[in-house]
Structures are given as C-alpha cells and as structure tokens.
Amino acid sequence: MKLRIRYDEAYQVLDLDEKATEQLWVSLDLDGGEGLTQAEREKRIQEAFDAKYNRPEYNNWRKLNRHRGETKAKPGKDETEDDVDTSEPLMSEVADDRIFRRDELARAEREEYEDVCAWVRKVLKDKPQWSAAFIAVHMDGEQTKDYAASIGVDPTTVTHWLRRAEKKLRENYKNRQF
C-alpha cells in the first residue's frame, strides 16, 4: 500500500507491506473490513489517515507541541515527594504561564488603575466633578449620556467638563513623577 502523509505543505508517500497495512487498519480503529477488496481497504485507510493526521490544523498543533511530554513532576521518587499533585502541568510546561499568576496580575492591574485615579484626582483636586466625570467616562467606559443622567446634569455640561479636564491633565502630564 502507498500511504500519503502530509509533511509541512507537501505530501510524502510511504510504501507499506501487508503486515504494516493490517496494523494501520487496527490502529486507526477501522471496523467492518470483511468482504472488502484490498483496494477498498487501502482507500478507507487513506481516508481515515487523512481525516485524523493529514489536516493542517493537526500539523500546526503538532509543530508546537511535539516536545511536550508527561509532566516533569513525578511522585514517588522518594518518600517526601509522594504527595506531589501531578494533575496540573508545571509552569515551565505551559505556553502561557499567566494562568498561574492570575491573582498577581489582577492585583497589579487594580493597583495601576488606583494609581492613575489618584493622579487624576490630585491634578484635578479643585474640580472634583471633572475628575469623577473623567474617571467614569474615559477609564470605566461609561457613556457620556448615561453618566450625565446618573448625576442629573446635561450631557453637554459633562462633555465640557471632560474637555477641560483633558486639557488640564495634558498640561500636567509632563510634570508627573514616576
């Protein structure tokens, strides 16, 4: 049998003997092979192989994950390591390790947000309604109309506050300290 295998963007052809063809039939978990001619069996093997392995998605996945094996954390090396939990991979074994640092990243993002809000309030300390409008609209993503309705003023007033706050913040941005 001649088996076409996709490698990168081209196909390579492998010649399989009858024993290897039968093993491939079993490994692809094909059933109902009784009564089929050899050509029909080869055609079904090639179709199953194409569906399972000759897809570009599989090859791209394999290219990225071919060196990943079992987890490196193995219990039972000695008595102290018997309680190692191997149900999750180690940090070095995952593509994106941010999942392990989710709390730390959320805390850093919250602290950065609070620092920016404090700076805005400090620069606009004479006009607290400007700072509240700037934070609500530009940082929290609230619509100008909704914010104006929530505090009971005209939306053009809020837009005016925002323009003046932006101008004042732009002037003081050069003088901020790190």
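Filtered by the rule that a residue be under 18 Å from Glu47 (Cβ atoms) and not in a loop (DSSP other than H, G, I, E, B), the range 13-37 gives Val13, Leu14, Ala20, Thr21, Glu22, Gln23, Leu24, Trp25, Val26, Ser27. Of all the residues in the range 93-117, those that are more than 26 Å from Asp154 (Cα to Cα) and either touching a Cys at 6+ places or on another chain (Cβ under 8 Å) or of a type in the set (A, V, I, L, M, F, W, C) (or both) number 8. For Lys125, state whether it is assigned to a loop (DSSP other than H, G, I, E, B) and more than 27 Å from the chain's Cα centre (by Cα). Against the criterion (assigned to a loop (DSSP other than H, G, I, E, B) and more than 27 Å from the chain's Cα centre (by Cα)), Lys125 qualifies.
Between Val153, Val116, the distinction of being among the aliphatic types (A, V, I, L, M) and either closer than 19 Å to Lys167 by Cβ or in contact with a helix residue (DSSP H, G or I) (Cβ under 7 Å, 6 or more places away or on another chain) (or both) belongs to Val116 only. For Glu142, the requirement of being surrounded by 10 or more Cβ atoms within 10 Å (Cβ to Cβ), outside any helix (DSSP H, G or I) and assigned by TED's automatic domain parsing to the domain that holds Arg163 is met. Would you check if there is a residue in the range 63-84 being touching a strand residue (DSSP E or B) at 6+ places or on another chain (Cβ under 8 Å), at pLDDT below 80 and in a helix (DSSP H, G or I)? No, because not a single residue in the range 63-84 is touching a strand residue (DSSP E or B) at 6+ places or on another chain (Cβ under 8 Å), at pLDDT below 80 and in a helix (DSSP H, G or I).
Checking every residue in the range 48-56 against the condition of being modelled with pLDDT under 70 and within 27 Å of the chain's Cα centre (by Cα) gives at least one match.
The values are calculated or read from the model by the stated rules, or taken from the named source; none is laboratory data. What you see is a predicted model; the values in this text were computed from it and never measured. No Cβ is skipped: glycine too gets one built from the backbone with ideal geometry, and neighbour counts run over all protein chains shown.
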